[in-house]
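Student: The structure's right below; bear with me while I get my questions together.
Bear in mind these aren't lab numbers, they're just calculated from the coordinates by the rules spelled out. Since the structure is predicted, the reported quantities are computational estimates derived from the model, not experimental observations. Neighbour counts are summed over all protein chains in view; Cβ atoms, including those assigned to glycine, are modelled from backbone coordinates with ideal geometry.
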């Protein structure tokens, strides 16, 4: 059959019938024409291998017995190949004149060459296969070999059932001196110090992924100027003169202190509520408070600037649409930012904000469940008055 006996798959003049074969023609990137055949099956076109009459003969255009010369860019012969009946290529000995020219007469007859699992012998100038062993080596039972797995080796022994892994006898296991886990238990003194002072003496798996670990590392980082680059960030200058109580150099001491608080995983370490203006992080000067408490008892305005907290410039005054340059506003607990009016002086606006802030703090005090934190909040409010 020729191509005329088939229809194009895009031919719409006649609908396809079950089992009908059509073809699709297109150009490849190399510019050659490509033919693909499809068969109509169960209401859709499915790919069909090319019919025999459209396939190229095995081995391409070279008939069996063809000899091809592979040459380099200078025209010198590299290899001679002869096409076999099964379509494969067989390499032939190089011409005698080429060997004389290069001074390489080749190996003499009778030479033996091993390539992988095959053994060849040179006979009349050609390499003849004389032996081929199985890829599965015939090792006698009891043979011991070592397989490399990553950076270590695995010992295996040959048995009647195959290769078996030989595991190390745990009674002979020796713990190196440099490991943090010794024969008598944990050895925290061999762990690296955190920022040069922190001692990780908590031997709990994956504890370095907990919030307690991150909090402890953060406190060490921000105290005693241990990370000068971090202190240069915006809003970080307030920690420049903070220090750390030496008792908290040990993670176990900090862990014991923080876990005595109820719901400590959802609270923050606060150093200013108990002692206003405190610069020391330690078990006697800090409290664990809710994030909302930490927010409302901040000593400074979070955004910085010269204006007091809760006071901002009136944009309408800058455009000449208002006579009051200052604006007071507050964000109540669980609510949205609310305006408290416009004022002629900074002091008036600040007083209005502080009055509204005290109402919010009264709500915090009423909802506080920790007696120590509640007492500190009441003392702080009384001192501010």
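Student: With each pseudo-label sitting 7 Å past Cα toward Cβ, what's the residue 71-residue 167 distance in nm, one decimal?
Tutor: Simple spin-label model gives 6.7 nm for this pair.
Student: Which label marks the calculated value of mean projected area of the Cα convex hull in nm², given the options (1) 18.9; (2) 48.7; (3) 23.2?
Tutor: So the structure-derived entry is (2).
Student: Still on this model: Quick one: 90, 83, 10, fewest Cβ neighbours within 10 Å first, how do they rank? If you can, show how the numbers build up before the last one.
Tutor: Numbers: 90 11, 83 18, 10 8.
In increasing order of surrounding Cβ atoms, one gets 10, 90, 83.
Student: Can you tell me which of 219, 199, 112 moves the most in a GNM of the chain? Springs connect C-alpha atoms under 10 Å apart.
Tutor: 112
Student: Rounded, prolate or oblate: which fits the range 186-286, taking a ≥ b ≥ c as square roots of the Cα gyration tensor eigenvalues, rounded meaning a/c under 1.5, else prolate when a/b beats b/c?
Tutor: Working: a/c = 1.81, a/b = 1.27, b/c = 1.42.
It is oblate, given that a/c is not under 1.5 and a/b is not larger than b/c.
Student: Still on this structure, I have one more. Given labels modelled 7 Å from the Cα in the Cβ direction, how far is it in nm from residue 356 to residue 241?
Tutor: Between residue 356 and residue 241, the simple spin-label model gives 3.3 nm.
Student: Let me ask something else about it. Working from Cα positions, state the angle (0 to 90°, nearest 10) between the long axis of helix 346-367 and the longest principal axis of the chain.
Tutor: It is inclined by approximately 80 degrees.
Student: So, one more: GNM, the chain, Cα, under 10 Å: largest mean-square fluctuation among 65, 31, 233?
Tutor: 31
Student: Also, I was wondering about something else. Just to be sure I understand: with springs between alpha-carbon atoms less than 10 Å apart, which residue in 318, 236, 73 has the highest mean-square fluctuation in the Gaussian network model of the chain?
Tutor: For the chain, modelled as a Gaussian network with Cα springs under 10 Å, the answer is 73.
Student: Can you tell me the FRET efficiency between residue 89 and residue 36 if r is taken as the Cβ-Cβ distance and R0 is 41 Å, rounded to the nearest 0.05?
Tutor: 0.90
Student: Let me ask something else. Any idea how far apart residue 159 and residue 192 come out in nm if each label point goes 7 Å out from Cα toward Cβ?
Tutor: 4.3 nm
Student: For residue 206 and residue 230, what is the calculated FRET efficiency with R₀ set at 22 Å and r taken between the beta-carbons, to the nearest 0.05?
Tutor: Details: r = 26 Å, r/R0 = 1.16.
So the FRET efficiency works out to roughly 0.30.
Student: Can you tell me the 0 to 90 degree angle between the C-alpha axis of helix 371-384 and the longest principal axis of the chain, rounded to 10?
Tutor: 60 degrees
Student: Still on this structure: With a Förster radius of 30 Å, plug the Cβ-Cβ distance of residue 133 and residue 78 into 1/(1 + (r/R0)^6) and report the FRET value to the nearest 0.05.
Tutor: Working: r = 31 Å, r/R0 = 1.02.
Rounded to the nearest 0.05, the efficiency is 0.45.
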